[in-house]
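Below is one structure; the comments refer to it alone.
The values are calculated or read from the model by the stated rules, or taken from the named source; none is laboratory data. Fair warning: this is a prediction, and the values are worked out from it, not measured in the lab. Here the Cβ positions follow ideal geometry from the backbone for every residue, glycine too, while neighbour counts run over all protein chains shown. Surface areas here come from the heavy atoms of the whole protein model, side chains and all, with no ligands, DNA or RNA. Shrake-Rupley method; radii C 1.70, N 1.55, O 1.52, S 1.80 Å.
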Amino acid sequence: SLFCQGCGVDLLRLASALKALPVDERQQLLRQRVPHLEQWAGKWTRAICEPTEGHLWEADHIREVRHGGGEAGLANFQPLCVACHQLKTNRNSAAEARRRRQAAFQERETPPSSPPLTPTQLSAA
């Protein structure tokens, strides 16, 4: 078995069960097991039409690629259903955008540094 590390669904069992059903009956099972997938229409449709790796689950980098996770070994991967992977990606992207906005704001708010006072300026003050 292969379990989503986000929601806990048994991904291989779900794929097998979906494949055994006619396409028009797959929605109900998918809605029961991975209800949060329905918010992404394209991912939802692909999971119903072709319930396979890439359409039901993906290998997620635990440590993001942009933070050095692309060079890590297998220990940096975890299986996530496509819905949990999308939620994680959205959450990480939002956090990165907040961090960038905050850094830009702090940069604008930080007054330019003044050169150090010379000994003459110090004695005149």
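Count the net charge of all other residues whose Cβ sits under 15 Å from the Cβ of residue 93, scoring Lys and Arg as +1 and Asp and Glu as -1.
Neighbour charge sum, excluding residue 93 itself: +4.
Pull up all non-local amide H partners of residue 3: gap of 5 or more, or a different chain, and H-to-H distance under 5 Å with H placed in the peptide plane.
Those qualifying (amide H under 5 Å, at least 5 residues apart or on another chain) are 11.
Of 27, 70, 92, whose Cα points farthest to the positive end of the dipole of the chain (charges on the beta-carbon: +1 Lys, Arg; -1 Asp, Glu; origin at the Cα centre)?
About the Cα centre, the residue reaching furthest to the positive side is 92.
Please work out the FRET efficiency for the pair residue 36 and residue 64, using the Cβ-Cβ distance as r and a Förster radius of 22 Å; give the result to the nearest 0.05.
The formula returns an efficiency of 0.55 here.
How long is the stretch 1-45 along each principal axis, judged by its Cα atoms, biggest number first, in Å?
Dimensions of the stretch 1-45 along the principal axes of its Cα atoms: 27, 24, 15 Å.
Per residue, how much accessible area does the stretch 1-99 have with a 1.4 Å probe, in Å²?
59 Å²
I need the calculated FRET efficiency for the pair residue 13 and residue 96, taking r as the beta carbon distance and R₀ as 35 Å, to the nearest 0.05.
0.55
Using a Gaussian network model of the chain with C-alpha springs under 10 Å, which one of 79, 115, 22 is most mobile by mean-square fluctuation?
The residue that fluctuates most here is 115.
Can you pull the percent of the stretch 44-125's accessible area that's carbon plus sulfur, 1.4 Å probe, other chains left in place?
56 percent
Can you give the FRET efficiency for residue 23 and residue 89, using 1/(1 + (r/R0)^6), R0 = 30 Å, r = Cβ-Cβ distance, to the nearest 0.05?
Given R0 = 30 Å and the Cβ-Cβ separation, E is 0.65.
From the C-alpha coordinates alone, can you work out the Kirkwood hydrodynamic radius of the chain, in Å?
Across the chain, the inverse of the average 1/r is 17.8 Å.
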